[in-house]
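Peer 1: Could you have a look at this structure, given as structure tokens, before my questions?
The values are calculated or read from the model by the stated rules, or taken from the named source; none is laboratory data. What you are looking at is a predicted structure, and each value in this text was computed from that prediction instead of being measured. Here the Cβ positions follow ideal geometry from the backbone for every residue, glycine too, while neighbour counts run over all protein chains shown. Just so you know, the surface numbers come from the protein's heavy atoms only, side chains and all, with ligands and any DNA or RNA stripped out. Shrake-Rupley method; radii C 1.70, N 1.55, O 1.52, S 1.80 Å.
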Amino acid sequence: MITTERRPRRAERSLNTVLRRLDSGQLLLICAAGLAAVAGVAHTAAVGLDRPEIAVGFGALIAVGELARLTMPGNREVAPIGAAAALGYTLLLDLSQHPLRHSALQVVAVIAVGMLAGALPHLAVGRPPRLDAMARRLLTGALLAFAFRPLADPLYALTKPPTSTWWPALVVMVTLIMISLMIDVLIAALLRAEQLRTAFRVAVRDEINMAFPLGAAVASSGVLLALATHSMDLVALLVFAAPLLVTQVAFRKYAGIRATYLQTVRALSRVTEVGGYVEPGHSRRVSRLAVAIGRELGMAEPELLELEYASLMHDIGQLSLRDPIPGGATVLTEPEQARRIAELGAEVIRQTGVLDRVADVVKRQCDPIADDPPLSSRIIKVANAYDDLVGPSTDRDRAGAALERIRLSSGSAYDPSAIEALTRVIDRGRV
């Protein structure tokens, strides 16, 4: 009894935590998706399911996809199998050459119920879903359904004699899918810009580069699933489920490798703290500050990842020192010594064989502005100087004095644009 009582309470606490963390944009998106789901379920309950066996089959595949959802780099939650199944059900024209006339509201109902069924096991064990991600998937699917389902009958008529052509249907499918993908990218960018306090254009660029390729792959699978059902009946669900599962396993391994990589870099960055070369938490504070500055300056997501790696390990060269610098504050050392520490740190990083660009960023963090070091190097130099002077303190006067000291040295030592970005970050309390 104790165990069975704890699980619902833990799930309830997890869900409450998720709800408290939502911002206004996420709440608006969740409300819109919730209204669509309620309308779809209510309408379907009133008029009944059209071809229940098909709805149940696709709903089950959506649930499996939601159950196997994963988090990709950039903290993006995706469910490729569920999204492909939802897309396939939306685009169905016929089954065994018999036309299908399920409405857009029935599509929304099947997607909503399938997603909920797949999310319940996660919720039961205390892993609440990303409500905004689920809402975005449902809302995008609903928009596509309302655009495509009214065209299903005319398009099916074109596939029958005497015309017997699928090209008009394919053109309509691809066009509407591309529009829905762009809408999904814009919604995701709006949410990301609000959460990360980044420029909307930067968020759009990152979503196109990082999320759009996966969306295109899912869209292709959905179209193929809809077309295969024309001749293979519901067997197409089983035939396509296997390669989709293999693809999802590959994505999960990739995401796991990326997460493990970052954890390894973070653990390596703590060596200088454990050895007493820098103050506790220095590397993590510099990393968070550097990433915030980079985001303020409009850096792309891959560049921000490299910046995070480099800023976490920017002081690793201090391990070569016989006598640690007091407090690890390289800002107070001679420029030549600071440059030597950076070069030694770059050599350590380069030994990994896979972080050459990160090593170059670390090596050039102490270069004068006249030598035109990379933007990431300039950002790390500013972030490191600020944390060396302020540390974990939250005193506003101390922060102001540190910013003024860095600004007065900006002529040859620090990048003015990075200093202004740092000032905006500190003023907004983003770190």
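Peer 1: Which one of 182, 409, 108 is farthest out on the positive end of the charge dipole of the chain, using unit charges on Cβ (Lys, Arg +1; Asp, Glu -1) and the Cα centre as origin?
Peer 2: 108
Peer 1: Additional query: What is the log10 of I(q)/I(0) for segment 255-409, computed with the Debye formula using one identical point scatterer on each Cα and no solvent, at q = 0.15, 0.18 Å⁻¹?
Peer 2: -0.74, -1.09
Peer 1: Which one, 351, 291, 46, projects farthest toward the positive side of the charge dipole computed for the chain from Cβ point charges (K/R +1, D/E -1)?
Peer 2: Checking the options against the dipole of the chain, the answer is 46.
Peer 1: OK, next. Could you name the lysines in cross-link range of residue 160, using Cα to Cα under 28 Å and dropping any fewer than eight places away on the same chain?
Peer 2: none
Peer 1: Let me ask you something else. Once P(r) over Cα pairs in 10 Å bins from 0, in percent is worked out from the coordinates, which option in (i) 4, 21, 31, 26, 13, 4, 1, 0; (ii) 5, 20, 26, 25, 17, 6, 1, 0; (iii) 4, 19, 24, 19, 15, 11, 6, 2, 0 does it equal?
Peer 2: (iii)
Peer 1: Whose amide H sits under 5 Å from the amide H of residue 100, counting only residues 5 or more places off or on another chain, with H placed in the peptide plane?
Peer 2: 94, 95
Peer 1: How much FRET efficiency would the formula 1/(1 + (r/R0)^6) give for residue 47 and residue 263, where r is the Cβ-Cβ distance and R0 is 41 Å, rounded to 0.05?
Peer 2: Working: r = 51 Å, r/R0 = 1.25.
The calculated FRET efficiency here is 0.20.
Peer 1: Right, here's the next one. Which angle between 0 and 90 degrees, to the nearest 10, do you get for helix 212-232 versus the longest principal axis of the chain when only C-alpha atoms count?
Peer 2: Helix 212-232 sits roughly 20 degrees off the main axis of the chain.
Peer 1: If I compute solvent accessible area with a 1.4 Å probe over the protein chains, what percent of it on the chain is carbon and sulfur?
Peer 2: 63
Peer 1: Pulled fully out, how much extra length does the chain show between residue 300 and residue 32, if you take 0.36 nm times their separation in residues and subtract their Cα-Cα distance?
Peer 2: 93.5 nm
Peer 1: Further question on the same structure: Size of segment 243-336 along its principal axes in angstrom, Cα-based, largest extent first?
Peer 2: 58, 30, 21
Peer 1: May I ask you to give the solvent-accessible area per residue for the chain, in square angstrom, as obtained with a 1.4 angstrom probe?
Peer 2: 48
Peer 1: Suppose R0 equals 35 Å. What FRET efficiency, 1/(1 + (r/R0)^6) with r the Cβ-Cβ distance, do residue 343 and residue 209 give to the nearest 0.05? Don't skip to the answer; put the middle values down first.
Peer 2: Working: r = 32 Å, r/R0 = 0.92.
My answer for the efficiency is 0.60.
Peer 1: Moving to a separate point now. Efficiency by 1/(1 + (r/R0)^6): what FRET value for residue 369 and residue 77, r their Cβ-Cβ distance, R0 = 30 Å, to the nearest 0.05? Please report the intermediate quantities before stating the final value.
Peer 2: Details: r = 41 Å, r/R0 = 1.36.
Computed FRET efficiency for residue 369 and residue 77 comes out at 0.15.
Peer 1: Right, something else. Taking the Cα centre of the chain as the origin, how large is its charge dipole in debye, to the nearest 20, when only Lys and Arg (+1) and Asp and Glu (-1) carry charge on their Cβ atoms?
Peer 2: In total the dipole reaches around 980 debye.
Peer 1: Each label point is 7 Å from the Cα along the Cα-to-Cβ direction; what then is the distance between the points at residue 178 and residue 249, in nm?
Peer 2: With each label placed 7 Å out from Cα toward Cβ, I get 3.5 nm.
Peer 1: Averaged over every viewing direction, what's the projected area of the C-alpha convex hull for segment 150-247? Give it in nm², one decimal, please.
Peer 2: 8.0
Peer 1: Let me ask something else about it. How much length is gained if the chain between residue 420 and residue 239 is pulled fully straight, taking 0.36 nm per residue apart and subtracting their Cα-Cα distance, in nm to one decimal? Walk me through the numbers on the way to the answer.
Peer 2: Details: separation 181, 0.36 × 181 = 65.16 nm, distance 5.61 nm.
Separation in residues times 0.36 nm, less the Cα-Cα distance, equals 59.5 nm.
Peer 1: Could you tell me which residue out of 267, 230, 217 lies farthest along the dipole of segment 188-304 toward its positive end? Charges go on the beta carbon: Lys and Arg +1, Asp and Glu -1, centred on the Cα centre.
Peer 2: Farthest towards the positive pole: 267.
Peer 1: How far is helix 200-210 tilted, in degrees, relative to the longest principal axis of the Cα atoms in the chain, given as a value from 0 to 90 rounded to the nearest 10?
Peer 2: Helix 200-210 sits at roughly 70 degrees to that axis.
Peer 1: If I fit a long axis through the Cα atoms of helix 52-67 and take the longest principal axis of the Cα atoms of the chain, what angle between them do I get, 0 to 90°, rounded to 10?
Peer 2: That helix lies at roughly 10 degrees to the long axis.
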